[in-house]
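> Quick one: the structure is below, and I'll ask about it shortly.
Throughout, read-outs are computed from the coordinates displayed, never taken from laboratory work. Here the structure is a predicted model, which means the values were calculated and not measured. As a convention, Cβ positions derive from the backbone with ideal geometry for all residues, glycine included, and neighbour counts pool all protein chains shown.
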Amino acid sequence: MAGVNRFFLHCRTATAAALTWIGASSTGYSADEQPAPSPGKGLIIARQFCIGCHVVEDSADHPVPVGVPSFRGIANKQGQTAQHITNILIKPHPPMPDMHLSSEEILNIIAYLQTLRIDKTQPPLLPLEEQGSKPVYPEPS
């Protein structure tokens, strides 16, 4: 009987730990309540994670490794897309570290990169949707 009690105690502990992890890893927003990507938050994240290797702001006065593109360079790369940036941030190439950014953090970084675009004829990195509007999907045929 003691073994059964120990088993149930272990299951309750494991379940509680899993629920705590799931709660801590979620943003607390439903799909309809996701906040709009914020360039300001993106800059803060870039200063925290990226400034050691990239020039994040034009006013930067710190040395960076040779060959590492600046954020302005990344934003203005011909054919640059949000999907490409997302892919790099999700599965970075060496020597870039994996920072384990959330989807919201990645979108904020992309929103900041959008503010650095010089050629306004390039398509935007993020869709220009009104805040609070829902995407329109085509009707199935």
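> Which length gain, in nm to one decimal place, applies between residue 34 and residue 121 when the Cα-Cα distance is subtracted from 0.36 nm times their residue separation?
Here the segment from residue 34 to residue 121 would lengthen by 28.5 nm.
> Also, I was wondering about something else. Order these by the 10 Å Cβ neighbour count, fewest first: 81, 86, 121.
By the 10 Å Cβ count, ascending, the order reads 121, 81, 86.
> Going by how many other Cβ atoms sit within 10 Å of their own, how do 126, 89, 113 line up, fewest first?
So the residues, fewest neighbours to most, are 126, 89, 113.
> Now, a different point. Could you calculate the contour length gain from residue 83 to residue 100, that is, 0.36 nm times the residue separation minus the distance between their Cα atoms, to one decimal place in nm?
Value of the extension gain: 4.5 nm.
> Now a separate question. Place a label point 7 angstrom from the Cα of residue 53 along the Cα-to-Cβ direction, then list the residues of the range 97-130 whose backbone nitrogen is under 17 Å away.
In the range 97-130, the label zone of residue 53 (backbone N under 17 Å from the point 7 Å along Cα→Cβ) covers 97-102, 106, 109-110.
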